[in-house]
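This report refers to the structure that appears directly beneath it.
The values are calculated or read from the model by the stated rules, or taken from the named source; none is laboratory data. In this text the structure is predicted, and so the values were computed from the model without any measurement. Neighbour counts are summed over all protein chains in view; Cβ atoms, including those assigned to glycine, are modelled from backbone coordinates with ideal geometry.
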């Protein structure tokens, strides 16, 4: 047995996940949990997509009664809530959970048990939301759950309670992931990976995680106020008692607009990697892209009122928010020009991920331009609550986040599974999704300009909107077919794809410097970094490494936040069943909280006891 | 062991650390940012609704007792003394002193929680009458949750230091817990001014 094999075996024993159900339930490996986040998010994408298809089928012709108005309300609420809270953010954070430790050259995240807990809470929260729909208690007041529509007097069902509680679940989960990623990125980077050498996706996850901390706290607090209004008759959003429904809108959009960037910024990080790899040159304007990412993160907290132009707020305030909404496009434009410059001066290889990049350019830029139109108050007042806004937001979110995400799944698939996805199926999927997206969402702008209102379950034949709606419905089925081809490709290639090797795309960053899929503990010896592109600048046999870390303990390096100088060794906790127990306890308490305020105490107690158990040291002082 | 061309030898690096070298310190900081933001949002709701209302508190609503609020904030400020000493003892890794100060801290926290319960009991309005009452109760409730949380943590650390196997890192954890108590006390000061003093000024 060679020394290398012996080292690998020791690492596998120390960092590996136990076989069987127990191992499956107790794992704290960031790769497993990251893939679970991504897989579960895709599952919810399918559910949210199915709801969308039913709504499109309902709207395919005028005077249609396939869905009742009540069910239509529940479907669009569930669709939006699913796509924002259960698909987009968890998918991006899941990619971060999988990729960040590999990209910064460490073995696991700083709080692996918190991560495992966060996953379970997210899963249970999502299932809980759908249990509401299945029992006739689907939330009906929109993904933003505007008061007073979501107050007890207008929604006497449990729908809005379930909505508010789902928010609590997903926010607890995402806050746990965000804090874990921030500290992992700041303190566990490979020696030599100073701030100016951090891969751009890691930068985007760092900024996004900070945004999650502030934005998700806002919505979690506001949704607790809403839940209290419904459960114990507080009066936060009730006008006659001195409350104000607009307070809810302020809080919601103070979260809601940064939320768009919480989805978009990781996508920009993904874009930088796809473009760099397939342009065969380092990214143009690394520093500009980093500053643009940070600037977007900050400015995005100052634009929320543009969602409220039609609420009768003072004119002077509105002009400020028009200005800030225009300003926030500048850093995005800077990034776009950097990417174009990279492609322009590189030698682009038109593989599937780069096709999705092109789709991103086309659709996101269109969404950005209609966004600039909507930032203007007079235009917004005309198109508010019409399908123009639906077209705009789907251009931004599908073009800006789903296209990069699909490109990224294709790109990192060899790392996840060790096998290559089918290029031909990938091209078909791209074509179907691109055509489907445009066919579905472009006509919505025209319908919106013609005055077709959103969130209305049908329309009269005399409006003349039938043809375009039919076209959109056909487009939505083509889009769904494209997603199906993608999913089939991802599943089948896991068995039939050709073996990938460590670095099939010839990429520059550290995740490609280890095996595919990465072994337990990620790297046999932790890497040391001397540039932004370690794989391009150093031959595999000439790469410096860290020695002296015991392989039989879960030890990683703690480095300084700015320059990544090794400061100490730190032992990370191993697998624990208490993470799942705590998540089940939290779930029981939060479900109770819908019916009884004492659920809060139950949730606290049922979660706190396992938390103490998981933190309690073993006899040898380890966790 | 394979020979590698350029290596960094980590074997001599320390395995323990306080402050920025402790993972708990960073975790506590993250928790403080999240909880601090929650309290800021409570204050935002309070000030927003007060600006929207012609009379604040609404006419006929009595003000909460300045005396009780002031006593609670004073006791909270006094409790910083044992927290400060605990932080120092933890950094010295003096197990006896840490245990003693943890117990003193827990007693002080218990006193604060009892006083807080009385403070809530003595509020002259309910949460379901007006939005004013809702924000006062919500803000006090959010902060009380933190008090109870830290009290529980003190008890757990007390038992750990009394009975459990102690590693060096547990001293770092106790130091971070003391830092968290500072956070709880100092965030209450502006909220105290908002809830108890500002209605007399504006």
Report summary line: Of the listed residues (A:50, A:6, A:91), the one being at pLDDT 95 or above, out of contact with any helix residue (DSSP H, G or I) (no Cβ under 8 Å at 6 or more places or on another chain) and part of a helix (DSSP H, G or I) is A:50
Report task. Run down A:210, A:255 and say which single residue is crowded, with 24+ Cβ neighbours inside 10 Å and either closer than 30 Å to residue B:29 by Cβ or at the interface with chain B (Cβ under 10 Å from one of its Cβ atoms) (or both). Result -> A:255
Report summary line: Within segment A:66-79, the count of residues that are surrounded by fewer than 24 Cβ atoms within 10 Å (Cβ to Cβ), assigned to a helix (DSSP H, G or I) and touching a helix residue (DSSP H, G or I) at 6+ places or on another chain (Cβ under 8 Å) comes to 5
Query raised in the report: Hey, any hits in segment A:536-554 for a residue that's at pLDDT 90 or above and under 29 Å from the mean Cα position of the chain (by Cα)?
Result: yes
Query raised in the report: Could you say whether any residue in segment B:49-68 is in contact (Cβ under 8 Å) with a residue 24 or more places away in the chain, in a helix (DSSP H, G or I) and at the interface with chain A (Cβ under 9 Å from one of its Cβ atoms)?
Result: yes
**Report entry** Filter result (free of Cβ contacts under 8 Å to residues at least 60 places away in the same chain and either more than 10 Å from every other protein chain (Cβ to nearest Cβ) or crowded, with 21+ Cβ neighbours inside 10 Å (or both)) within segment B:156-183
**Finding:** B:157, B:158, B:163, B:170
Query raised in the report: Mind checking whether some residue in segment B:13-21 is in a helix (DSSP H, G or I) and more than 7 Å from chain A (Cβ to nearest Cβ)?
Result: yes
Report summary line: Scanning segment A:528-542 residue by residue, those out of contact with any strand residue (DSSP E or B) (no Cβ under 6 Å at 6 or more places or on another chain), buried (at least 20 other Cβ atoms within 10 Å of the Cβ) and within 10 Å of chain B (Cβ to nearest Cβ) turn out to be none
Report summary line: Those residues of segment A:240-252 that are at the interface with chain B (Cβ under 9 Å from one of its Cβ atoms) and assigned to a helix (DSSP H, G or I) come to a total of 5
